[in-house]
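Beneath this line is the structure, given in structure tokens, with notes to follow.
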Amino acid sequence: MWMFLLKTVGTALFIAALSEIAKRSTLVASLMVALPLATMMTVANIYIDGKDAAGATRFATTTFFLVPPGIAFFIVLIGGQKLGLAFWPSFGLSIIATAVCCWAVIFFLRRAGIAL
């Protein structure tokens with residue numbers, strides 16, 4: 001239970017720190033977000049929690065396949081803003097586009113015999 005609370009507080013502090021850093025430098029905050037720090041921490045925690053190297057590798061593999069469709073979020077958000085859409089509609093469409101792209105990747109990978 002303590003590990004769960006520690007991970008939750010650590011994650012919350014990380015996100016809060018990133019949003020504060022972004023107020024001062026979008027470049028630095030973007031660089032920190034672009035690095036797969038959350039993935040690295042999750043892979044490490046999966047291993048630490050149960051010495052489960054296979055589980056950590058499965059998580060890393062799944063993440064690897066789902067990073068490309070995640071780029072749809074940025075394309076739609078930026079495109080929506082450039083087309084004059086307000087922030088929240090652009091944000092919502094970005095989430096929907098990302099979900100659709102992730103679903104499509106999972107669907108086609110399963111059809112190719114790759115289960116995530």
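Read the figures in this text as sums done on the coordinates, not as results from a lab. What you see is a predicted model; the values in this text were computed from it and never measured. Cβ: placed from backbone, ideal geometry, glycine included. Neighbour counts: every protein chain shown.
Among 13-26, 89-102, how do they line up from the highest to the lowest mean number of other beta-carbon atoms within 10 Å?
On the way: 13-26: 11.6, 89-102: 16.1.
Ranking the peptides 13-26, 89-102 by packing returns 89-102, 13-26.
Hey, what's the Cα Rg ratio for the chain versus the globular rule of thumb, 2.2 N^0.38 Å? Show your work: numbers first, answer last.
Working: Rg = 16.9 Å, N = 116, 2.2 N^0.38 = 13.4 Å.
Relative to the 2.2 N^0.38 Å estimate, the chain comes out at 1.26.
Once all Cα-Cα distances of region 53-116 are split into 10 Å bins that start at 0, what whole-number percent is in each one?
23, 38, 25, 13, 1
About the Cα centre of the chain, what is the dipole size in debye to 20, counting +1 per Lys and Arg Cβ and -1 per Asp and Glu Cβ, all else neutral?
Working: 8 positive and 3 negative charges, 33 e Å.
Dipole about the Cα centre, nearest 20: 160 debye.
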